[in-house]
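One structure below.
The values are calculated or read from the model by the stated rules, or taken from the named source; none is laboratory data. Computed from a prediction, not measured in an experiment: that's the story for all the values here. Methodologically, a virtual Cβ is constructed for each residue, glycine included, from the backbone with ideal geometry; neighbour enumeration extends over all protein chains shown.
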């Protein structure tokens, strides 16, 4: 008969080792899950997620919920600007306010832009204006005229999978977009 501190059977050692390995894997799984949730809940960059903005889902309301006010054109307008009728814009609601994308799209359409059916995007904090190749000046002019009041709004090159592929400019309204 083994003593008080004598090793048990080899079966109990394997069982103990198995339990330890299972516990370590469970802890590792929880850590990975927390990391994935933390990365996906940042809310700043739609392109930083594995999944880009969702496909366009129209959002409408009886009354506009946005107060975007067109500004007069700047006297130093660039010669490389296209007529608004030659610029296709896709507005996505990334602020969660019902009808925001539809209201902004209507105002841009009144200003002469070609509008692609507004849709939704994951929620973001800052409004982003993405531009396609060759449309930087047009995006800057659109920002200055329609989003200058949104101080944090930024213009940046378009990322793959953001908005409708036929759009020259994609506007994702963030939480900074006033109601």
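Assorted remarks:
- In summary, strands (runs of 3 or more DSSP E) completely within segment 121-179 and bearing 3 or more residues that are surrounded by 22 or more Cβ atoms within 10 Å (Cβ to Cβ) occur at 128-131, 169-173.
- Number of the exception - residue 118 against (1) at pLDDT 95 or above; (2) under 23 Å from residue 81 (Cβ atoms): (2)
- Being assigned to a loop (DSSP other than H, G, I, E, B), in contact with a helix residue (DSSP H, G or I) (Cβ under 8 Å, 6 or more places away or on another chain) and over 22 Å from residue 161 (Cβ atoms) holds for only one residue in 82, 97, and it is 82.
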